[in-house]
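In what follows, a single structure is set out as structure tokens and then discussed.
None of the figures in this text is laboratory data; all of them are computed from the coordinates on show. Note that this is a predicted model, so its numbers are computed, not measured. A quick note on method: Cβ atoms are made from the backbone with ideal geometry, for glycine too, and the neighbour counts reach across all protein chains shown.
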């Protein structure tokens, strides 16, 4: 019996990872320099049952059509705009029970570790320093969580466009903020 529970959990974690990889592909089709984007993750079978016409237009397959039972469909939350304070903006979001998970995509710049000692203390000056630094790297991250407690992130560097990185703790603070939106009272 324990094996079935573990197997179900593994399948749900796999579904989260698959949804994040698909989201990264979807977002990357629009190129770089995008604003953060927020997505609800719902079970595909539930989307098809609730909105059969929309599901047909999107080409969604159900588990009876060969899709995984726990497959997730990402639904972008139009109008999600941050004033630059993503964690604060996420703290105001509460998802209904029909949303099994959520994900966010965002782009950031970072410097190699050896350049960190050169960063100015002032946040505005530090941002300008990073933006102008010749060793600056651009990264797109897609972080998602689900109601089972799974967390995962994928990332792509501008400098390595054919490589997709992934980890359960890629951006832990962001994953924590997303998890709070699913568990908020």
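So here's what we get for this one:
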item: Gaussian network model of the chain, Cα within-10 Å springs - most flexible of 51, 138, 22; result: 51
item: Highest-fluctuation residue, 15, 131, 113 considered, GNM on the chain with Cα pairs under 10 Å; result: 113
item: Label-to-label distance, nm, for residues given as residue 168 and residue 88 (7 Å Cα→Cβ offset); result: 3.3
item: Taking the convex hull of Cα positions in the chain, its mean projected area over all directions (nm²); result: 13.2
item: Per-residue Cβ neighbour rank within 10 angstrom, fewest leading, 57, 24; result: 57, 24
item: Virtual spin-label span in nm between residue 125 and residue 78, 7 Å along Cα→Cβ; result: 4.4
item: Taking the chain and dividing mean pair separation by its residue count, relative contact order in percent (alpha carbons under 8 Å, at least six apart); result: 24
item: Ranking of 32, 95 by count of other Cβ atoms within 10 Å, fewest first; result: 32, 95
item: Listed residues 133, 152, 43, most fluctuating in the chain (Gaussian network, C-alpha, under 10 Å); result: 133
item: Computed FRET value (nearest 0.05) for residue 35 with residue 65, which takes r as the C-beta separation and R₀ as 45 Å; result: 0.85
item: Cα shape, the stretch 125-185, gyration tensor, a/c 1.5 rule; result: oblate
